[in-house]
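The values are calculated or read from the model by the stated rules, or taken from the named source; none is laboratory data. From a predicted model like this one, the values you see are computed outputs, not experimental measurements. A quick note on method: Cβ atoms are made from the backbone with ideal geometry, for glycine too, and the neighbour counts reach across all protein chains shown. Heads up: the accessible areas ignore ligands, DNA and RNA and are worked out on the full protein's heavy atoms, side chains in. Shrake-Rupley method; radii C 1.70, N 1.55, O 1.52, S 1.80 Å.
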Amino acid sequence: MNDERVPNSKTILEKWGVDMAMLSGLIEANGSLRGVVLGYVAEAKFHNQMMEIPGITDLGKDDDHDRKKKGDRRIQYRGEEFKIEVKSLQTNSVKQLSDGTFVGKSQVDASDRRHVTLPNGSQLETTCLVAGEFDVLVVNAFAFDGTWRFLYAINEDLPRSKAKKYTPEQKEHLLATLVPVQWPLAEEDIFTTDLESLLDRIIEKRQAPPGGTASEVSIIEEPDGDIIIATEN
């Protein structure tokens, strides 16, 4: 995301003839506006953090209004392409427990109802996202404690919908619209703070032979200087 401004261009405040106090007041007083602005700020913050990871190339952002493509951003890492979906916490869901743990929920769904096709070929109209439409969910956890922190989860680890209006088979392929999130992370949490390791895991699975698991490769340097590459299935 390019943060550079055109020389001598006016700021949005100058163009609109408002000051920062007025703009801040409008954002604070209108929850829907605050959510939209925070969402775009989160995307910019995530982009800046993401680009600090060696080997990641930003391939751009899909059109927000393209219902056929889900994924806020597309990136390339180690020669593989990934679709990234960036979401925020629902502010009214955030609570701090007696032990200091923050809990909340992230709304993970489409902006409106749309027709989707499931892996079995059946179609339905829903706001749910279909499992596999994107690779990584990124949750902006700023609402917990005012810190710009991002949590990452692989698509296949996300909870599925429990809505009664869907059949058991449909539920297997529809993501839950609300995903629980906590900070600090639980011991066996689906989320992590390490995006690079998460992408490595996805690549390992993509490259695994059909019906098997990816091989583990160890590089051993012998005392005489020889290099031995050991592969373990």
Calculate one ³J(HN,Hα) per residue across the range 13-25 by plugging θ = phi - 60° into the Karplus curve 6.51 cos²θ - 1.76 cosθ + 1.60, and present them in order as whole Hz with x for glycine and proline.
5, 5, 5, 8, x, 10, 9, 5, 4, 5, 5, 4, x
Sequence of TRP183, TRP16 from largest to smallest accessible area, 1.4 Å probe:
TRP16, TRP183
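Going by a ≥ b ≥ c, the root eigenvalues of the Cα gyration tensor, does the range 50-181 fall in the rounded group (a/c under 1.5), the prolate group (a/b larger than b/c) or the oblate group?
Values: a/c = 2.01, a/b = 1.11, b/c = 1.80.
Judged from the Cα gyration tensor, the range 50-181 comes out oblate (a/c at least 1.5, b/c at or above a/b).
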Inter-probe distance in nm under a simple model that places probes 7 Å from Cα toward Cβ, at GLU52 and GLN76:
2.4
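Assuming R0 = 22 Å, can you tell me the calculated FRET efficiency for the pair LYS162 and THR127, based on Cβ-Cβ distance, to the nearest 0.05? Show your work: numbers first, answer last.
On the way: r = 14 Å, r/R0 = 0.66.
In this case the efficiency is close to 0.90.
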Filter the chymotrypsin sites (Phe, Trp or Tyr not before Pro) in the range 114-195 down to the DSSP loop ones having no more than 14 other Cβ atoms within 10 Å, then list what survives.
TRP148
Heavy atoms of THR192 accessible to a 1.4 Å probe, total area in Å² rounded to 10
40
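Ranked from the most accessible area to the least, with a 1.4 Å probe and all protein chains present, what is the order of HIS47, HIS173? Each step should come with its number before you reach the end.
Numbers: HIS47 15, HIS173 40 Å².
Order by accessible area, largest first: HIS173, HIS47.
Is the shape of the range 22-128 best called rounded, prolate or oblate, per the rule: a/c under 1.5 gives rounded, else a/b larger than b/c gives prolate, else oblate, with a ≥ b ≥ c the square roots of the Cα gyration tensor eigenvalues? The partial results should precede the final answer.
Details: a/c = 1.58, a/b = 1.21, b/c = 1.31.
Verdict is oblate for the range 22-128.
Give, in nm to one decimal, the length gained when the segment between ASP62 and VAL41 is fully stretched (0.36 nm per residue of separation minus the Cα-Cα distance).
Working: separation 21, 0.36 × 21 = 7.56 nm, distance 1.68 nm.
Gain on extension, ASP62 to VAL41, equals 5.9 nm.
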Top to bottom by accessible area (1.4 Å), largest first, where do LYS162, LYS61 land?
LYS162, LYS61
Per its Cα gyration tensor (rounded if a/c is under 1.5, else prolate when a/b beats b/c, else oblate), the range 109-215 is best filed as oblate
Using θ = phi - 60° and Karplus 6.51 cos²θ - 1.76 cosθ + 1.60, couplings along the range 80-90 (whole Hz; Gly, Pro as x):
10, 9, 10, 9, 10, 10, 9, 10, 10, 6, 6
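What does the charge count around GLU169 come to, taking other residues whose C-beta lies under 15 Å from its C-beta (Lys +1, Arg +1, Asp -1, Glu -1)? Walk me through the numbers before you get to the answer.
Details: positive: ARG160, LYS162, LYS164, LYS165, LYS171; negative: GLU172.
That sum, taken over residues with Cβ under 15 Å, equals +4.
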How much accessible surface does LYS205 have with a 1.4 Å probe, in Å² rounded to 10?
130
